[in-house]
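Asks: Attaching a single structure in structure tokens format; questions to follow.
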């Protein structure tokens, strides 16, 4: 009896230590342990005085205020461990074996902001989505102390979907049991649909039993959620194909039918291809059918797409003429009744081009290139993946034009040309006459996103030269210097940091300095910690951690001390940064 009571006390203390000592006061499990210990102390008396001491220490924990809670919990845990060690029986170990691997317990959220994040998940109010988004980006939300709050938040009409798709998968297996306990197939609410999708996202094929039950027994919400989960997380699983095909034929509910069409992605049978083809003729399922076609493994999928694309292109002039006539007739008071659910040729062309962009076949480029003039980036993306060098050069020429819709794909095409030609095309926007105007900035933004992989000496020297140009131009060349970790860029970047307060410039400059890793940049980076833009403050934290130098500890600590109220949410980045630095460099 005493042995079991003390073991249970130790287990409850372990739970409290993980959850937080401030939660110990009033804990019902510890209260139960104290009652049992009091009974044992009365029964054993002087024979085992340590039992009475444990009961008294447990009483102190239950009545401790927040300031003393940690000390009392640790003291009781130490005493309980000593008693358990004294009760242990020595034994000879027959052989040494490796310890069983266990997943790490994740508690990345700093204690100082845990309560605020918990409130954002379970209470109403402004700014909740922003706090949740920031915690997801930082990874703080994947904290086991927030499991119950996250499961609760899945039912929130405002943040529930974001929590389900972005936060829940970060916790992995730890979140499975709590969600399964809440999943109710009988009610089948929107929240239950989210729970099902979250479980499949975490467990993958291991959640087959839940998917099968939802598809065969579930209501509209659960069936739609199950098909979405099949499309996103167990694509191409053969056992679900018959259920998907049967649903597309029989189902009349739009949401379920659309989800079932999406779930056809990944299947390679003739029946599945035929079902996707038919879904392309219905305006309500066209977009999801195109998505499924793009992922189709059927060897004839490209043949069918190109055949239908050619037909839609041929039918387009007549359809556009008929639409103009219908508009004239409507203005004249004799409207023409439009057919329901009929897909317009123009819509079919764009849907098929999006699907073609995910397949690879030289015939796709040949079919899509003539459509770029009218269909812009959609046609260019479809062509690029299957284009030959001459076709890529034609797409890259679009970077010299005025249509900013195609700048991104044009820069992508230029980046895959031979290195000399790629440099010629991608460097030109940095010296163009309109580089500081709206169109020139759009061109530079498109180029900048393709520069990260370009770290050869030619690009590095060019990037160093461009740092002397206006900041709105120079900022676009930073990916080269960041990827190359070019230390010669540190002083020019520090000058840029001192000369501007624009967040769109400060954030990438700080990020680049962090990637380069020169400790000389630490004071200037820390000085930006009170900027009013959250992205800048976040980059300050990330950059200092990336530099990983002990000289940052005192600077950050001084900045924290100087704050009027360091415990407010807007200073989470600085508190979290100091916590991580003090752990990385103990004794500083």
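Asks: Hey, does the range 206-220 have a residue that's out of contact with any helix residue (DSSP H, G or I) (no Cβ under 8 Å at 6 or more places or on another chain), surrounded by fewer than 23 Cβ atoms within 10 Å (Cβ to Cβ) and within 22 Å of residue 171 (Cα to Cα)?
Replies: Yes, the range 206-220 contains a residue that is out of contact with any helix residue (DSSP H, G or I) (no Cβ under 8 Å at 6 or more places or on another chain), surrounded by fewer than 23 Cβ atoms within 10 Å (Cβ to Cβ) and within 22 Å of residue 171 (Cα to Cα).
Asks: Exactly one of (1) over 23 Å from residue 547 (Cα atoms); (2) surrounded by fewer than 20 Cβ atoms within 10 Å (Cβ to Cβ); (3) touching a residue at least 24 places away in the same chain (Cβ under 8 Å); (4) not assigned by TED's automatic domain parsing to the domain that holds residue 396 is unmet by residue 473. Its number?
Replies: Here residue 473 meets the rest and fails (2).
Asks: What number of residues within the range 446-459 satisfy the criterion of being surrounded by fewer than 20 Cβ atoms within 10 Å (Cβ to Cβ) and assigned to a helix (DSSP H, G or I)?
Replies: 2
Asks: Still on this structure: Suppose we filter the range 119-133 for residues that are in a helix (DSSP H, G or I) and surrounded by fewer than 19 Cβ atoms within 10 Å (Cβ to Cβ); how many remain?
Replies: 5
Asks: Show me the helices (runs of 4 or more DSSP H) found entirely inside the range 359-445 where at least 3 residues are surrounded by fewer than 16 Cβ atoms within 10 Å (Cβ to Cβ) and assigned by TED's automatic domain parsing to the domain that holds residue 309.
Replies: 362-368
Asks: Checking residue 148 against (1) touching a helix residue (DSSP H, G or I) at 6+ places or on another chain (Cβ under 9 Å); (2) surrounded by fewer than 16 Cβ atoms within 10 Å (Cβ to Cβ); (3) in a loop (DSSP other than H, G, I, E, B), only one condition comes out false. Which one?
Replies: Going through the list (1) touching a helix residue (DSSP H, G or I) at 6+ places or on another chain (Cβ under 9 Å); (2) surrounded by fewer than 16 Cβ atoms within 10 Å (Cβ to Cβ); (3) in a loop (DSSP other than H, G, I, E, B), residue 148 breaks only (3).
Asks: Given the options 167, 153, 173, name the one that is in the same structural domain as residue 208 (by TED's automatic domain parsing), in contact with a helix residue (DSSP H, G or I) (Cβ under 8 Å, 6 or more places away or on another chain), under 23 Å from residue 110 (Cα atoms) and modelled with pLDDT under 95.
Replies: 173
Asks: I'm checking my understanding of the structure. Among residues of the range 491-515 that are part of a helix (DSSP H, G or I), in contact (Cβ under 8 Å) with a residue 24 or more places away in the chain and out of contact with any helix residue (DSSP H, G or I) (no Cβ under 6 Å at 6 or more places or on another chain), which one is nearest to residue 561 (Cα to Cα)?
Replies: That would be 498.
Asks: Next question, about the same structure. Can you report the number of residues in the range 36-53 which are out of contact with any helix residue (DSSP H, G or I) (no Cβ under 8 Å at 6 or more places or on another chain) and under 20 Å from residue 75 (Cβ atoms)?
Replies: The total comes to 1.
Asks: Here is a follow-up. Tell me which residues, restricted to the range 163-173, are closer than 13 Å to residue 135 by Cα and surrounded by fewer than 17 Cβ atoms within 10 Å (Cβ to Cβ).
Replies: Hit for the range 163-173 is 166, nothing else.
Asks: Now, a different point. Checking residue 52 against (1) in a helix (DSSP H, G or I); (2) modelled with pLDDT of 80 or more; (3) closer than 30 Å to residue 138 by Cβ, only one condition comes out false. Which one?
Replies: Checking residue 52 against (1) in a helix (DSSP H, G or I); (2) modelled with pLDDT of 80 or more; (3) closer than 30 Å to residue 138 by Cβ, the one that fails is (3).
Asks: Return only the number of the condition from (1) in a helix (DSSP H, G or I); (2) buried (at least 21 other Cβ atoms within 10 Å of the Cβ); (3) more than 25 Å from the chain's Cα centre (by Cα) that residue 239 does not satisfy.
Replies: (2)
Asks: What tally of residues in the range 563-578 results from selecting those that are surrounded by fewer than 15 Cβ atoms within 10 Å (Cβ to Cβ) and more than 16 Å from residue 535 (Cβ to Cβ)?
Replies: The qualifying residues number 4.
The values are calculated or read from the model by the stated rules, or taken from the named source; none is laboratory data. What you are looking at is a predicted structure, and each value in this text was computed from that prediction instead of being measured. Reconstructed Cβ throughout: ideal geometry from the backbone, glycine too, with neighbour counts over all protein chains shown.
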